[in-house]
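Student: Questions regarding the structure given below will be posed in turn.
Read-outs throughout are calculated quantities, based only on the coordinates presented, and are distinct from any laboratory measurement. Remember, predicted model here, so these are calculated numbers, not experimental data. Cβ placement follows ideal geometry from the backbone for every residue including glycine, while neighbour counts extend to all protein chains displayed.
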Amino acid sequence: MNLAPYAAREDRTRGRRHAEAPPQGRGEFQRDRDRIIHSAAFRRLEYKTQVFVSHEGDLFRNRLTHSLEVAQIARSLARSLQLNEDLSETIALAHDLGHTPFGHAGQDALDDCMKAHGGFEHNAQSLRVVDELEDKYAEFRGLNLSFETREGILKHCSQARAATLGDVGARFLKGLQPGLEAQLTNIADQIAYNNHDVDDGLRAGILSIEQLLDVPLFARFHGEVTARYSSLTPRQLRHETIRRMINALVIDLQTETARRLADAAPADIDAVREHGTPLVMFSPAMERDNRDLKRFLYEHLYKHHQVYRVMHKARRIVRELFEALFGDIRLLPPEFHAMADEAEAAGGVTSRARVVADYIAGMTDRYAQDEHARLYDLRQLR
Ligand code: MG
C-alpha cells in the first residue's frame, strides 16, 4: 500500500486496549477485519433489515450485503486517495454490528424503552459489541480491536455517552475529527444506502421512475441513459442509471477530498484529527444533489404507507419484548437471566435494563418476531 502521510498507519497505531503480540503474516487492521468477520454479530447481519423486512424478498438488501457494498466503495475511495484500504474495509464491515432488528424503527423503539436508563444508540452499540459483548477470547472481553477501527465505528455519539467511553469518546468532548478512513467510510455508507434504497424501492414497486425524475441526480443520469440506449428493459434502465449515480458520487467525493487535502496538507493523522472541519466532503453542488436524494427517500420510501405499516408492527414487537423481558428477567434465556441478575446486583435497575437491551439488539428480525410470538401468543404454550 502506497500511503499518503496523513493516512492511518499500522506502525503508528494507538494500539489495543489489551496489549497483544503483533500479528504474523497480516497487518493490525487486517487482524481487526478478520476478527469482525468471525464474530457472531457479523453473521447476524444477514437477517437484519436495512429498510425492507428481511423475508419480504430474497433480493433485497440486508445489513450484511449493505456492509459489503459499503466496504467496496470505501476501499476504492481509500485506494484512490492513498489512504489505508484495510482500515477502511474494516470500519465498513463493523459499522452496523450494533443495529437492532427492523432497522431504524427497532432502534427508535429500543431507545424509547431505554429512556430512563441512558437510552440506546445503535452506533454506540456497535462499539459495545466489539468492546464488550462478543465473548469468546480467553484473554479479553470483546474483540480487542485497534483504536483506529474503534474510532471509525463510533461515528456519532451524545456528549453524555462520550464521557463514559474513554479514548474513543474524547473527540466528541474536544470537538476533534476522526481519521480520514473513518470520515470516508461514513460517506461511503450514505452513498451505498441511498442508492440501494432507490434500487430496492423501485423493485418493490414502492417508488416509480416518474417520481424519481424530480430528483436532479437521478433525472440527469436517467436522461443520459435513455438518450444513449433506446430499448432497455426496466431492469437495465434502473441499473444503468444507478451505477452512474454511484460513480458520480464517488468521483466527486474523491476529487473534492483530494483538493481539500492538497489545500490543508495535514502532516499526519493527528493533524487531520485537529483540522477544524472534515476533509472528506462532496463538492457544494453534489452535496445539494445528495441532500435532495436523501430528502426524496425520506418522504417517499421511509414514510411510504407500505413501509410504515411494517415499521409500526416492528416498533410494537421491540417495545413488547422489552416490557416482558425487563418486567420479568426469568423470561430471558438462563445465560442472560444470570447476567441480568449480576448486573442488577452491581449497578441497579439501569444495569438490568442494559442487559435486556443488549439481548434484544442482538436479535435478528426473524428471531425477534418468533420470540414475540412465544411470549405473547397464548395459543402457543412454549
Ligand atoms: Mg450503514
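Student: Could you list SER88, SER283 in order of exposure, starting from the residue whose Cβ has the fewest other Cβ atoms within 10 Å?
Tutor: SER283, SER88
Student: Roughly what would the spin-label model give for GLU139 and ARG228, points 7 Å off Cα along C-beta, in nm?
Tutor: Reported label-point gap for GLU139 and ARG228 is 5.3 nm.
Student: Report the gain in length on full extension from ARG243 to HIS156: 0.36 nm times residue separation, minus Cα-Cα distance, nm rounded to one decimal.
Tutor: 28.4 nm
Student: Which whole-number percent gives the relative contact order of the chain, counting Cα pairs below 8 Å spaced six or more residues apart?
Tutor: Here the relative contact order equals 21 percent.
Student: Okay, next question. Which lysines, if any, have their Cα less than 30 Å from the Cα of LYS294, not counting same-chain residues under 8 positions apart?
Tutor: Candidates past the 8-residue exclusion: LYS48, LYS115, LYS155, LYS174, LYS303, LYS313.
Student: Let me ask you something else. Pick from ILE191, ILE242, ILE91 the residue whose mean-square fluctuation is largest in a GNM of the chain, springs joining Cα atoms under 10 Å.
Tutor: ILE242
Student: Mind sorting HIS18, HIS95 by how few other Cβ atoms lie within 10 Å of their own Cβ, fewest first?
Tutor: HIS18, HIS95
Student: What's the magnitude of the charge dipole for the chain around its Cα centre, counting Lys and Arg as +1 and Asp and Glu as -1 at the beta-carbon? Answer in Debye, nearest 20.
Tutor: The calculation lands at about 500 debye.
Student: Also, quick follow-up: Given R₀ = 56 Å, what would the calculated FRET efficiency be for SER80 paired with ASP377, taking r from the Cβ atoms and rounding to 0.05?
Tutor: For R0 = 56 Å, the calculated efficiency reads 0.60.
Student: How much length would be gained if the chain were fully extended between LYS115 and HIS305, taking 0.36 nm per residue of separation minus their Cα-Cα distance, in nm to one decimal?
Tutor: 65.6 nm
Student: Name the residue from GLY276, LEU331, ALA357 whose Cα lies farthest towards the positive end of the charge dipole of the range 262-382, charges +1 on Cβ of Lys and Arg and -1 on Cβ of Asp and Glu.
Tutor: LEU331
Student: Among GLN107, ILE91, HIS156, which residue has its Cα furthest toward the positive end of the charge dipole of the chain, with +1 on Lys/Arg Cβ and -1 on Asp/Glu Cβ?
Tutor: GLN107
Student: Could you check how many percent of all C-alpha pairs in the range 23-144 are farther apart than 21 Å?
Tutor: 45 percent
Student: At LEU173 and LYS294, where each label point lies 7 Å from the Cα along Cα→Cβ, what is the point-to-point distance in nanometres?
Tutor: Result: 2.8 nm between the two label points.
Student: Now for a separate question. Can you give the charge dipole size of the range 155-305 about its Cα centre, rounded to the nearest 20 debye, using +1 on the beta carbon of Lys and Arg and -1 on the beta carbon of Asp and Glu?
Tutor: 220 debye
Student: Figure the gain on full extension for ALA271 and LEU68 (residue separation times 0.36 nm, minus the Cα-Cα span) and round it to one decimal in nm.
Tutor: That pair, ALA271 and LEU68, stretches by 70.1 nm at full extension.
Student: Work out Dmax and Rg for the range 26-306 from the C-alpha atoms and quote the Rg first, both in angstrom.
Tutor: When restricted to the Cα atoms of the range 26-306, Rg and Dmax are 19.3, 62 Å.
Student: OK, next. If only Cα atoms are counted, what is the Rg of the range 308-376, and what is its Dmax, in Å?
Tutor: Cα radius of gyration and Dmax of the range 308-376 are 12.3, 40 Å respectively.
Student: Using helices alone, what [θ] at 222 nm do you get for the chain, with -39,500 (n - 2.57) per DSSP H run of 4 or more residues, divided over all residues and rounded to the nearest 500?
Tutor: -19500 deg cm²/dmol
Student: Using a Gaussian network model of the chain with C-alpha springs under 10 Å, which one of VAL129, VAL349, VAL318 is most mobile by mean-square fluctuation?
Tutor: Result for the chain, Cα springs under 10 Å: VAL349 fluctuates most.
Student: Same structure again: GNM on the chain, C-alpha springs below 10 Å: top fluctuator among THR90, THR164, THR255?
Tutor: THR164
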